[in-house]
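**Student:** Here it is, the structure in full.
Every number here is computed from the coordinates shown, using simple stated rules; none is lab data. If you're wondering where the values come from, they're calculated on a predicted model, not measured in any experiment. A quick note on method: Cβ atoms are made from the backbone with ideal geometry, for glycine too, and the neighbour counts reach across all protein chains shown.
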């Protein structure tokens with residue numbers, strides 16, 4: 001069977017399983033992720049070009065820490081994602097979800113206050129102190145946003161999700177452009193731009209989900225029981241996701257601790273370049289999950305095999321991009337030439353990451369096997385942490 005036949009067969013599967021919603025939803029999410037990738041690529045190329053290495057490294061440190069604020073949701077949003085997967089948005093119990101949303105938000109505000117207090121009391125470096133304070137602000141902004149975004153994803157409202165993603169990136173890049181065109185090369189203004197963009201988009205997302213956000217909030221026993229059910233269902237997936245992130249993240253923590261912020265920023269540049277393409281490719285995983293939740297179990301295996309072939313071929317094409325990309329980056333960012341040597345190691349790693357995110361993780365979620373996902377990611381983290389420690393402290397090698 002030719003590649004074209006496989007692709008047509010896969011699309012046929014998705015059209016039948018998703019009642020023709022898959023193609024429309026995937027197109028919307030793919031376009032959104034393509035626009036987001038182009039914008040992120042522009043930021044990834046111009047910010048290290050224009051900012052001093054130290055400022056760029058602090059900006060990357062902020063981005064890195066913000067990526068972990070979802071831990072403070074304690075798995076509630078992930079539980080909703082798992083338990084409500086495949087449901088229709090219009091049929092949701094709005095008051096029930098609204099109460100959970102505001103309870104989550106109140107907890108985020110409480111934790112943000114603690115983070116700000118601890119930052120001011122125990123961090124002497126003023127730049128890192130500012131980063132910690134803004135990470136506290138992100139606890140509220142990011143976790144409130146992700147609660148609503150996951151709700152849109154799991155109920156198959158992909159077009160609303162896609163538009164919000166596009167608008168946020170456009171607002172952010174516009175603010176960054178204003179900062180850079182004004183002549184500022186201070187990373188702090190980029191952090192403020194990020195906070196402002198997230199705030200604007202959270203307001204817009206609240207308007208889209210106004211039936212969830214606005215209305216009567218009741219504090220009843222059954223609502224706390226539902227919150228607890230979502231927490232216990234989602235905490236395994238949340239920990240699995242975090243351990244998956246830490247497989248690479250633990251090395252970045254060690255690099256920042258041993259070699260400082262500048263070395264951290266150089267490595268972060270290489271990882272961000274590889275991740276840009278993954279943002280677009282993993283759009284398939286976002287769209288596929290709600291479709292799989294509505295699919296009969298006997299059909300999942302045939303869809304898996306066809307989807308795997310398409311993804312593997314797409315990632316092989318992605319690997320070929322290494323050679324022209326390395327040449328262009330060497331010419332554009334000569335000050336990072338040493339760090340770009342790591343790109344040859346990161347690209348193959350990104351190949352396996354994409355396959356895992358789109359196929360393995362999505363199917364394990366659909367089968368409600370998040371416990372197995374947690375075990376696999378925990379074992380991977382243990383191996384990665386051990387190797388990173390030995391490499392850094394025994395061989396003194398990044």
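**Student:** Could you let me know the centre-to-centre spacing of segment 122-156 and segment 309-380, using Cα atoms, in angstrom?
**Tutor:** 25
**Student:** Between residue 308 and residue 378, what FRET efficiency comes out of the Förster formula 1/(1 + (r/R0)^6) with R0 = 25 Å and r the beta carbon distance, rounded to 0.05?
**Tutor:** Details: r = 24 Å, r/R0 = 0.98.
Efficiency, rounded to the nearest 0.05: 0.55.
**Student:** Which value in nm describes the separation of the simple spin-label points at residue 46 and residue 159, placed 7 Å from the Cα toward the beta carbon?
**Tutor:** 3.1
**Student:** Taking the highest mean first, how do the peptides 170-176, 139-145 order by number of other beta carbon atoms within 10 angstrom per residue? Intermediate results must be reported in sequence, preceding the final value.
**Tutor:** Numbers: 170-176: 18.0, 139-145: 22.6.
Top to bottom by mean Cβ count within 10 Å: 139-145, 170-176.
**Student:** Just rank 117, 398, fewest to most, by other beta-carbon atoms within 10 angstrom.
**Tutor:** Going from least to most buried by this count: 117, 398.
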